[in-house]
Amino acid sequence: MATARRADRSGQYETPEYREILARVAANTRRLRDATGASQEEAAHLCGEMPTRLYQMVESGLTNVTATTLGRLCVGFGVDIVALVAPAAPMAKRKRGRPKKTPAEG
């Protein structure tokens, strides 16, 4: 029975409205972290000892964001929930990994 209910809800995660909310939360969370200069691990710690992987998934827009998670983000960054769900331009993709060393750092 639980599987049938889960299957009934699966379509709601594919709607444009749902994807827009996740994209807003992801972009705004990343902007807030960038403003603090924190790493993802440091930001996760600020947000109520949130697991780093969960934080990364929120920033990537890859997980359903619960009210509990939204609350932890708000407390961690010292913002109201409006700051997390406000319209936001998508963030530019970043290259993965560490930046290459310059000749001076060599």
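May I ask you to work out the translational diffusion coefficient for segment 14-84 at 37 °C, viscosity 0.692 mPa s, via Stokes-Einstein with Rh from the Kirkwood sum over Cα pairs, reported in whole µm²/s? The calculation lands on 278 µm²/s.
Residue separation of Leu54 and Ala89 scaled by 0.36 nm, minus their Cα-Cα distance, works out to 10.4 nm of gained length.
Every read-out reported here was derived from the displayed coordinates using simple, explicitly stated rules and does not represent laboratory data. Quick caveat, the model's predicted, so the values are computed rather than measured.
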